[in-house]
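The values are calculated or read from the model by the stated rules, or taken from the named source; none is laboratory data. Please read all numbers here as calculations on a predicted model, not as lab measurements. Using ideal geometry, Cβ is built from the backbone for each residue, glycine included, and neighbour counts are taken over all protein chains shown. Side chains included, ligands, DNA and RNA excluded: accessible areas come from the protein's heavy atoms. Shrake-Rupley method; radii C 1.70, N 1.55, O 1.52, S 1.80 Å.
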Amino acid sequence: MAAPTMNNRMIKWFDDRLPIFTFMHHELHEYPTPKNLSYWWNFGSLAGIMLVVMIVTGIVLAMHYTADANLAFGSVERIMRDVNYGWLLRYIHSNGGSMFFIVVYIHVFRGLYYGSYKSPREVLWWLGIIILLLMMATAFMGYVLPWGQMSFWGATVITNLFSAIPLVGDSIVTWLWGGFSVDDPTLNRFFSLHYLLPFVIVGVVVLHLWALHVHGSNNPKGIDMKGPQDSIPFHPYYTVKDLFGAALFFVVYAVFIFFFPDYLGHPDNYIPANPLVTPAHIVPEWYFLPFYAVLRAFDFDIWFMPAKLLGVIAMFASILVLFVLPWLDTSRVRSGTFRPVFKWFFIILIIDCVVLGYVGAKAPNDPLIASQESVQAANDEYNACVAKADAAGKNGEEECDKPFFVQYVHLGQLTTAYYFFHFLLLLPILGRTERTLPLPTSISEPVTKGGAGAGQ
Amino acid sequence: MNGDGVMTRRIVTGLAAAILGLGIATAAQASGGGTVGERHWSFQGIFGTYDRAALRRGLQVFQGSCASCHGLKYIAFRNLQDVGFTEGEVKAIAVDYTIADGPDDAGDMFERDGKPSDRFPSPFANENAARASNGGALPPDLSLIVKARADGANYLYGLLTGYHDEAPKGVELMEGMYYNDAFSGNQIAMPPPLFADGVDYEDGTEATVEQMAADVTTFLAWAASPEMETRKRLGIKVILFLLVLSGLLYAVKRKVWADVH
């Protein structure tokens, strides 16, 4: 905790009264960081960079944007066409949302693999989940602002979810909308909150970093630093490594901004919002698709619980389950590197989430395997059978066997079930039964003779 | 499973509609979508630019065949200067339009000749007027049409060249509808807008339907993304810069980390 040597007397004078330079030196310069962090550890700082990019471009966009149901769409086009480099600002911001989520998802899965949520980092993990939830709310409201068809109908679908809440659901939806449908008041409050929430995220990020700096970063080996030989100062080692990673990341980001700026968006959002015309498929942005699949997986009631409520509960639970993850995962070994069975299930979980995203993009009742034609033929046959039976005075729907075919929603149900199985059943059991590999004795001495320190 | 299956699927259908607030019927209609081919465009690829001659011809097609029903409200005449029209040409194009302006000092609205700063005026006063003149259908503004459709340029070309004189056997067309390969559901209210020699190209190009469709598609692609050429040029510079920067930072990283074991 030694104070840095300060040659500038002004800085020293200030630092004596508010030790901000000492603080920065301590937390950003000499901050001892495990020396073995891989490039997967770059994604935390990348997320921080993206937050800044989004706030800066967002503030400038807000100077030109008009939050009015009649003017919003046109004001976005004005930004694209008449504001100097407005197209660049907007494409940085719109693609930035996607990039932010890519980075954060990788960051989360890195934490999942290396057990970064385990003691003593549970609060750090919680704060991360809160940031993710805030990001989702912010992104959702941001997508509404251009007031295109997907903006409007996405807002309608998602706000309608709250009507699933028993008794007060409909009142809550009316309250959220500020009226009896998504309209001007909705757009205005979404704009207000879309501007506010990023700063709330900044606040939680500060807490996230604070919690991080208490015990320091986890690392690929998942074992604690045992002394100065295991750590290196954050600066210049990780500042330069993070900068290199950021430059590479910006190459990918720039490819989207400059060459495929609308690839991640939906063409319907270039059609102005029209409450009278429902798009054929209402789909959220890609980063919400897995959750959308979980939401739609529940197409059946359980007892008194209607499917809609179940879907909403499951969707929120798919994130909330992460809050209790530190206790669901009973393994004492943090890093997946030393967990030979967990490793495979981790890969399956990733595949599961990707499949969920794929299902989320599809119409739930489209056939998964059978061709549209064969399904059409079978349905025609069924309808003909029903018509015939009805004509004969019988109940056609009971007489005829409705053709069954596997639909996307069934795959969604399977993958949703697996998602919860992974966290709620697999991890608790695996932690108790898995034979983990021997842990190295320290970060700087990876080669060990025995199994000292291994779990179990 | 099967007895449950019927019930389940009925719940599926009902609840999917309820939960998502979207009509299954519309989804089903969309699945019978149109077919669109692929074509090479001057503006595709990372070095793609808008073919200037095609843009000029496309403007002629737009004015001659589209503008009587479709607006282009996000494009001002002056924007044409960005793609090679001279100031004089732009003034000449603008002056052919009559623009409603006002109120003047006496408080009256008046009409005047177009100026380069004016936008292409919309052909109808409002949506109701547009629908009344088009059998209930609303001709969309074309400023963003290429971005507002999946694979927009190919789609638009497919739509403009996809008309059939008669519907295929077994297809019953609704009153006032035309059969089109590209349009979702294959029934479109817009009559075939392009005919061979429908415009007299200033550059003497033969005005086939395909030529006109390709030209007006290029023009409308520009209208949807007028920033594209600037964007791609800047993008190449930015990416080259970032690649060099990445290389330098990698070298620095290697050097800084050289003593860490």
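Per-structure values
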{"read-out": "Per residue Cα convex hull volume in Å³ - calculated over the stretch A:54-209", "value": "126 Å³"}
{"read-out": "Under 15 Å from the A:L207 label point (7 Å along Cα→beta-carbon), backbone N, the stretch A:285-325", "value": "A:323"}
{"read-out": "³J(HN,Hα) computed for each position of the stretch A:298-314 - Karplus, 6.51 cos²θ - 1.76 cosθ + 1.60, integer Hz, glycine/proline x", "value": "8, 10, 9, 7, 10, 6, 8, 8, x, 4, 4, 5, 4, x, 5, 4, 4"}
{"read-out": "Residue (of A:V312, A:A392, A:V104) at the positive-pole extreme of the protein assembly as shown, dipole from beta-carbon charges", "value": "A:V104"}
{"read-out": "Cα-based helix-to-principal-axis angle, A:72-81 vs chain A, degrees rounded to 10", "value": "60 degrees"}
{"read-out": "Restraint check, A:K343/B:K255; B:K147/B:K169; B:K73/B:K115, Cα-Cα greater than 26 Å", "value": "A:K343/B:K255; B:K147/B:K169"}
{"read-out": "Delta accessible area of at least 50 Å² on complex formation, residues of the stretch B:211-246, 1.4 Å probe, chain isolated as reference", "value": "B:E227, B:R231, B:L234, B:I239, B:L242, B:S246"}
{"read-out": "Efficiency of FRET from Cβ geometry, A:M305 and A:T22, R₀ 41 Å, rounded to 0.05", "value": "0.15"}
{"read-out": "Proximal aspartates and glutamates to B:K232, defined as alpha-carbon separation beneath 17 angstrom and excluding residues fewer than eight positions away on the same chain", "value": "A:D262, B:D51, B:D82"}
{"read-out": "Built amide H within the under 5 Å cut-off of A:I232, gap 5+", "value": "A:T33, A:K35"}
{"read-out": "Out-of-range pairs (alpha-carbon distance over 29 Å; input A:K118/A:K226; A:K118/A:K362; A:K118/A:K241; A:K362/A:K402)", "value": "A:K118/A:K362"}
{"read-out": "Loop-resident sites, the stretch B:165-219, for chymotrypsin sites (Phe, Trp or Tyr not before Pro), counting at most 14 other Cβ within 10 Å (DSSP)", "value": "B:F195"}
{"read-out": "FRET efficiency, A:L414 to A:V56 (Cβ-Cβ, R0 45 Å, nearest 0.05)", "value": "0.60"}
{"read-out": "Dipole moment magnitude, nearest 20 debye, the stretch B:81-237 about Cα centre, only Lys, Arg, Asp, Glu C-beta charged", "value": "860 debye"}
{"read-out": "Diffusion constant of the stretch A:222-366 at 37 °C, which comes from Stokes-Einstein with the Kirkwood Cα-pair radius and 0.692 mPa s, µm²/s", "value": "164 µm²/s"}
{"read-out": "Folded to 0 to 90 degrees: helix A:184-215 orientation relative to chain A principal axis, Cα", "value": "40 degrees"}
{"read-out": "Selected from A:P367, A:P32, A:A297, residue furthest toward positive end of dipole (the protein assembly as shown; charges at beta carbon)", "value": "A:P32"}
{"read-out": "Simple Cβ-charge dipole of chain A, Lys/Arg +1 and Asp/Glu -1, about Cα centre, in debye nearest 20", "value": "1940 debye"}
{"read-out": "Signed unit charges on C-beta, dipole axis of chain A, positive-most listed residue A:Y114, A:P403, A:F180", "value": "A:Y114"}
{"read-out": "In the stretch A:220-303, chymotrypsin sites (Phe, Trp or Tyr not before Pro) in a DSSP loop with at most 16 other beta-carbon atoms within 10 Å", "value": "A:Y263, A:F300, A:W303"}
{"read-out": "Accessible area buried at the B-A interface, both sides summed, 1.4 Å probe (Å², nearest 100)", "value": "4800 Å²"}
{"read-out": "Under 5 Å, built H, 5+ apart or other chain: amide partners of B:L72", "value": "B:L142"}
{"read-out": "Magnitude of the charge dipole, the stretch A:304-456, Cβ model with Lys/Arg +1 and Asp/Glu -1, debye to 20", "value": "1120 debye"}
{"read-out": "Largest to smallest principal axis extent of the C-alpha atoms in the stretch B:96-165, angstrom", "value": "52, 29, 21"}
{"read-out": "Label-point separation in nm, A:F180 to B:T230, each point 7 Å along Cα→Cβ", "value": "4.6 nm"}
{"read-out": "Integer Hz, Karplus 6.51/-1.76/1.60 couplings in order for the stretch A:148-157, x for Gly and Pro", "value": "x, 4, 5, 4, 5, 6, x, 4, 4, 5"}
{"read-out": "Contact order normalised by residue count of chain A, Cα under 8 Å, 6+ apart, percent", "value": "19 percent"}
{"read-out": "Cα-based helix-to-principal-axis angle, A:42-64 vs chain A, degrees rounded to 10", "value": "60 degrees"}
{"read-out": "Chain B - Rg (one decimal) and Dmax (whole number), Cα, Å", "value": "25.0, 84"}
{"read-out": "Prolate/oblate/rounded call for the stretch A:185-275, Cα gyration tensor, a/c under 1.5 rounded", "value": "oblate"}
{"read-out": "Gyration tensor over alpha-carbon atoms, the protein assembly as shown, equivalent ellipsoid semi-axes in Å", "value": "50, 38, 24"}
{"read-out": "Loop-exposed trypsin sites (Lys or Arg not before Pro) per DSSP, neighbour cap 12 Cβ within 10 angstrom, longest uninterrupted part of chain A", "value": "A:1-434"}
{"read-out": "Derived scalar couplings ³J(HN,Hα) [the stretch B:104-121; Karplus, 6.51 cos²θ - 1.76 cosθ + 1.60; whole Hz; x for Gly, Pro]", "value": "7, 4, 8, x, 9, 6, 9, 10, 9, 6, x, 10, x, 7, 6, 8, 4, x"}
{"read-out": "Amide H partners (placed H, <5 Å) of A:L368, local residues excluded", "value": "A:V406, A:Q407, A:Y408"}
{"read-out": "GluC sites (Glu not before Pro) within the stretch B:124-184, DSSP loop, no more than 12 other Cβ atoms inside 10 Å", "value": "B:E166, B:E172, B:E175"}
{"read-out": "Rounded accessible area of A:D301 (nearest 10 Å², 1.4 Å probe)", "value": "80 Å²"}
{"read-out": "10 °C / 1.306 mPa s Stokes-Einstein diffusion coefficient of the stretch B:41-160, Kirkwood radius on C-alpha pairs, µm²/s", "value": "98 µm²/s"}
